[in-house]
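Below: one structure, written as structure tokens.
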Amino acid sequence: MQIWCRQRENGNHFKYSSYAKRTMVTSAFLVVYLLSVLTVTVCTKDDDKTVFSGKIMPFERYKRLFVEHRRIQLEAVKSLQGFDDNTRKYKLVDVMLQKLFLVLGEAKQNLTQWGFVPGTDPFPENETVREAFSKVVENTAMFGDLVLRLPDVVHGLFDKNTEWNTLMGWCVWFSVESKVFDGGSEKTAQLNSEMKFFKSILIYPMSQEINLIPKEDDYINPFTEENQKLKEKAMKEVLESSKSKGKSKSTKKI
């Protein structure tokens with residue numbers, strides 16, 4: 001399944017201010033864009049840029065495309081981070097999580113029924129199984145981006161949902177066992193590095209963030225509202241200190 005985006009035209013004739021229109025367009029775009037990122041699965045683009053529609057993807061090629069997709073996902077979450085309206089941001093994340101866990105739940109059910117075991121079974125050749133495999137790995141990574149970069153919003157929705165917690169525990173296990181986040185036998189040093197990078201900055205901290213594993217003593221999520229305020233306060237103090245020193249030097253010269 002490739003990236004898709006469906007637009008619907010609204011038939012109403014209400015008049016809105018230009019600001020309101022921009023806000024609604026931005027919100028609508030983010031909803032459609034972010035949801036489309038959730039459902040992206042295995043692409044079919046080969047190294048020579050030739051498209052082979054429907055052909056089987058070798059595991060190493062899939063991992064290369066996984067890296068590309070991770071960049072798209074991260075940019076999507078960053079765009080959501082920059083959204084000023086907290087109420088609308090909360091609603092957007094809520095919609096995303098509902099969709100994300102729906103996709104993950106269906107994929108888990110299918111993979112379990114088919115008896116696919118990550119790390120034991122080879123990378124699936126069957127397109128349907130491969131798509132479910134991809135949905136689990138990529139949407140688990142997407143959840144990691146969301147909970148690490150928008151912790152207060154995500155925890156408010158995720159923590160109270162036992163079903164989601166149980167499902168995410170399974171998804172993290174599946175993702176680790178799948179070896180998608182490992183360098184594997186790929187000869188490209190850059191890909192090896194990026195895979196290990198994703199594993200170290202995503203799966204491990206995400207598991208701590210949602211209490212799948214105990215938090216290390218020095219674990220800190222810099223994106224919590226509390227830590228963001230502390231950071232802003234520290235920057236403000238540094239700026240004021242710098243200004244104060246500048247004034248002091250000017251006085252001495254006089």
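The conditions of being at pLDDT 70 or above, over 18 Å from the mean Cα position of the chain (by Cα) and not in a helix (DSSP H, G or I) are met by Lys215. Of Phe174, Phe143, all but one fail to be crowded, with 19+ Cβ neighbours inside 10 Å and farther than 23 Å from Asn221 by Cβ; the exception is Phe174. Count of segment 174-187 residues, restricted to those that are at pLDDT 90 or above, within 17 Å of the chain's Cα centre (by Cα) and not β-branched (Val, Ile, Thr), is 2.
Scanning segment 131-164 for residues that are of a type in the set (A, V, I, L, M) and either modelled with pLDDT under 95 or in a helix (DSSP H, G or I) (or both) yields Ala132, Val136, Val137, Ala141, Met142, Leu146, Val147, Leu148, Val153, Val154, Leu157. Per this entry, Leu146 is not counted among residues that are closer than 24 Å to Val77 by Cβ, aliphatic (A, V, I, L, M) and out of contact with any helix residue (DSSP H, G or I) (no Cβ under 8 Å at 6 or more places or on another chain).
Exactly one residue out of Leu148, Leu111 is closer than 19 Å to Asn221 by Cβ and surrounded by 14 or more Cβ atoms within 10 Å (Cβ to Cβ): that is Leu148. Of the residues Leu167, Leu202, Leu191, the single one that is at pLDDT 95 or above and either in the same structural domain as Val95 (by TED's automatic domain parsing) or surrounded by fewer than 19 Cβ atoms within 10 Å (Cβ to Cβ) (or both) is Leu167.
The values are calculated or read from the model by the stated rules, or taken from the named source; none is laboratory data. Small disclaimer: the values here were computed from a predicted structure and weren't measured. Please note: Cβ atoms are built from the backbone with ideal geometry, for glycine as well, and neighbour counts cover all protein chains shown.
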